[in-house]
Amino acid sequence: GAGVSQTPSNKVTEKGKYVELRCDPISGHTALYWYRQSLGQGPEFLIYFQGTGAADDSGLPNDRFFAVRPEGSVSTLKIQRTERGDSAVYLCASSLKALGLAGGAPRGGSSTDTQYFGPGTRLTVL
Amino acid sequence: GENVEQHPSTLSVQEGDSAVIKCTYSDSASNYFPWYKQELGKRPQLIIDIRSNVGEKKDQRIAVTLNKTAKHFSLHITETQPEDSAVYFCAARATARQLTFGSGTQLTVLP
């Protein structure tokens, strides 16, 4: 089936502008995560949705960042008054559920909490 | 919060040799440890994971070990092939749902 998709793949904007990044999770996945990956670094958590609600937004760097998931499927990450330091790859991930079973999945199978990543949106703020 | 450290940052091995990447974590409540492989310009892809009730897990040429007491876990790749070349990230998850990632290891398998 289709994996996590993100649009646009690349976004170039000017300092001070507003941008929206979209994530389409795997169909049926209730949990959705946004991460930000800077060059040479691992992904850093931004926000997590369980269904329509933001269950944890502790990773959002400041109030210029906001995300929504109004119908529990597609999510949009919104950045106001962009700064050069916002330049990074923004990754979205989804999982069937937020937490899996303690015993894990059968050998060769995926767990319900396995996070599947999208291809990311590369944001460049000039 | 959770802090994950990963070593080495770069690793070069000859084709056919083994590669080992090590990670440590800080939060003793962490109970899930996935490993992701990321090729240049591509999305991170899960290659193996382990939970805290298991000490070792193997899947063909890939294995992961977990030492809860010492709070470290390792990725082992045997019989390396050029297509194993990529950046590998370890991650840990505690009671919160999000993953905390290490800084990555650039693995190069030399033919």
Item to check | In the range B:84-103, residue farthest from the other protein chains (Cβ to nearest Cβ) [restricted to those that are in a strand (DSSP E or B) and touching a Leu at 6+ places or on another chain (Cβ under 8 Å)] | outcome: B:86
Checklist outcome for this item: Counting only residues that are among the basic types (Lys, Arg) and on the phi > 0 side of the Ramachandran plot, the range A:11-54 contains a total of 0
Item to check | Considering residues of the range A:1-48 that are open to solvent by 60 Å² or more (accessible area, probe 1.4 Å) and hydroxyl-bearing (Ser, Thr, Tyr) only, the residue nearest to residue B:40 (Cα to Cα) | outcome: A:9
Next on the checklist: Tell me yes or no: at least one residue of the range A:66-89 is touching a Gly at 6+ places or on another chain (Cβ under 6 Å), at pLDDT 95 or above, under 21 Å from residue B:91 (Cβ atoms) and surrounded by 15 or more Cβ atoms within 10 Å (Cβ to Cβ).
Outcome noted: yes
Item to check | Residues of the range B:5-52 that turn out to be away from chain A (no Cβ under 14 Å), touching a helix residue (DSSP H, G or I) at 6+ places or on another chain (Cβ under 9 Å) and open to solvent by 20 Å² or more (accessible area, probe 1.4 Å), as a count | outcome: 1
Checklist entry - Restricting the search to the range A:102-117, which residues are under 21 Å from residue A:56 (Cα atoms), open to solvent by 10 Å² or more (accessible area, probe 1.4 Å) and at pLDDT below 90? => result A:112
Item to check | Hits in the range A:1-22 - residues which are more than 11 Å from chain B (Cβ to nearest Cβ) and aliphatic (A, V, I, L, M) | outcome: A:2, A:12, A:19, A:21
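The values are calculated or read from the model by the stated rules, or taken from the named source; none is laboratory data. Here the structure is a predicted model, which means the values were calculated and not measured. Cβ: placed from backbone, ideal geometry, glycine included. Neighbour counts: every protein chain shown. Ligands, DNA and RNA are excluded from the accessible area calculation, which covers all protein heavy atoms including side chains. Shrake-Rupley method; radii C 1.70, N 1.55, O 1.52, S 1.80 Å.
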